[in-house]
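Q: Structure in structure tokens, see below.
Taken together, the values in this text are just the output of simple stated rules run on the coordinates, not laboratory data. Computed from a prediction, not measured in an experiment: that's the story for all the values here. Heads up, the Cβs are rebuilt from the backbone with ideal geometry, glycines too, and the neighbour counts pull from every protein chain shown.
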Amino acid sequence: MTRFIPVSAPFLGGNEKKYVMDCLESTWISSGGQYGERFERAFADFCDVKYALSCSNGTAALHLALLALGVGPGDEIIVPTLTFVATANAVTYCGATPVFIDSEPETWNLDPDLLEGKITPRTKGIIVVHLYGHPVDMDPVLSVTHHHGLFVIEDAAEAHGAKYKGRRSGSLGNIATFSFYGNKIITTGEGGMVVTDDSELARKVRQLKGQGMDAERRYWFTIVGYNYRMTNIQAAIGLAQLEKVDWHIQRRREVAKWYYDYLQNVPGLTLPVEKEWARNVYWMFSVVLGESLSLERDEVMVALKEQGIETRPFFYPMHTLPPYRGLAEGQRFPVADRLAARGINLPTWAGLTKEDVEFVCDVLIKCVNWEGMVK
Ligand SMILES: Cc1ncc(COP(=O)(O)O)c(C=O)c1O
């Protein structure tokens, strides 16, 4: 049988089945039931924050966070151009305008030095994205946002358990959002969470995700809300995953260490960093092919695929996508453009073995060396 190494796969090695069976046997399969609250309480503790509100996915979580902060038409929200489309889409759902910012070359996160230049009288806030599991350098971001009275949302969809100067992702801004999609560090299949220390924001998110119903009065709807609830079954899976989250993170860090061991001295490859102030949780261990290699990124991906290795390209920057490119006319994003054109996400998940990683690296190194010989 030919070998197949997926770029990502869920790892369900704990109480998932037991808790889901409990939902089925008790018939609590909708959004009521004990697991929602248990998962929220445990996730708030995990992030070191007071409140956690579960919801249907990470995109809904972003939408809820923006709505709770009062974002609406006419507002501008600064977002990194190199992110998954959901970050920008959630801004658009509110009738607001995403304003794109370039990446910085080392961590691939938004470049805090460019922030000041993006602020206009319409700017309401910023969404920072801890891309591929490495936290954003928050202090320079927070000094600019405090100075201008802007809010900060952390889009931590890819960074459960990442740390900035010892503090957990999710606890670094006004409010934060997570995704539990099947390829995330922990999963509920589909799912999301909003976390915050702010009781008023938490109250608003809870109301918005439940159709806008008044907490004190059943079927009394004081605002137009949404049905963004998470089911008890999803929360049951989430709680079981969360019980083992430290193991999941430790496994990913181990996988990353193997990649570093095999790849760190290969010329022409740039690897992820872990800054001295950061804990990277390696949602995706990635490589960026150097400009000196004439081999195209997609050719390398095809060569890996032929050996049964699934990879992913970096995200297309938002300023290049049809719904958004009109917003960025005349602006330049050279770092994000280069990363996006040359970046590959390698298989990264908790079930990978050292032999899997060695095989991926062997094939990758052969590509790079072969390319070196033809030059
Ligand atoms: C940075 C980022 N933001 C938001 C999302 C959206 O999460 P979901 O797919 O759960 O809606 C994702 C998920 O892929 C993501 O990577």
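Q: Can you list residues whose amide H is under 5 Å from residue 192's amide H, if they're 5+ apart or on another chain and H is modeled 1.01 Å from N?
A: 55, 56, 57, 180
Q: Next question, about the same structure. For the chain, what is the relative contact order in percent, using Cα pairs closer than 8 Å and at least 6 residues apart in sequence?
A: 23
Q: Please list 3J(HN,Hα) in residue order for the range 104-115, calculated via the Karplus relation 6.51 cos²θ - 1.76 cosθ + 1.60 where θ = phi - 60°; whole Hz, with x for glycine and proline.
A: Here the 3J(HN,Hα) series is 9, x, 7, 8, 6, 7, 4, 8, x, 5, 8, 5 Hz.
Q: Using the Cα centre of the chain as origin and beta-carbon charges of +1 (Lys, Arg) and -1 (Asp, Glu), tell me which of 69, 265, 317 is placed farthest towards the positive end of the dipole.
A: Checking the options against the dipole of the chain, the answer is 69.
Q: Would you compute the Debye intensity of the range 198-268 from its alpha-carbon atoms alone, equal scatterers and no solvent, and pass along log10 I(q)/I(0) at q = 0.15, 0.17, 0.18 Å⁻¹ to two decimals?
A: Calculated log10 I(q)/I(0) at the listed q: -0.71, -0.78, -0.82.
Q: Rounded to a whole number of µm²/s, how large is the Stokes-Einstein D of the range 157-281 at 10 °C and 1.306 mPa s, given Rh as the Kirkwood radius over C-alpha pairs?
A: Estimated via Stokes-Einstein, D reaches 93 µm²/s.
Q: Taking the convex hull of the Cα atoms, report for the range 97-214 its projected area averaged over all directions, in nm².
A: If I average the Cα hull's projected area over directions, I get 8.5 nm².
Q: Taking a 19 Å limit on the Cα-Cα distance, which of the listed pairs 305/366; 18/244; 163/275; 17/354; 163/204 fall beyond it?
A: Beyond 19 Å between Cα atoms: 17/354; 163/204.
Q: Compute from the Cα atoms of the range 1-59 the Rg and the Dmax, the latter being the longest Cα-Cα distance, and quote both in angstrom.
A: 15.6, 50
Q: Taking the Cα atoms only, what angle lies between the long axis of helix 58-68 and the longest principal axis of the chain, rounded to 10 degrees?
A: Here the helix axis deviates by roughly 50 degrees.
Q: Leaving out same-chain residues fewer than 8 places away, which lysines sit with a Cα under 23 Å from that of residue 209?
A: Qualifying lysines at Cα under 23 Å: 50, 124, 184.
Q: Still on this structure, I have one more. Any idea what angle helix 354-374 forms with the longest principal axis of the chain, computed on alpha-carbon atoms, 0 to 90 degrees, nearest 10?
A: Helix 354-374 sits at roughly 50 degrees to that axis.
Q: With everything on Cα atoms, drop me the angle between helix 199-209 and the longest principal axis of the chain, reported from 0 to 90° to the nearest 10.
A: Around 90 degrees separate the two axes.
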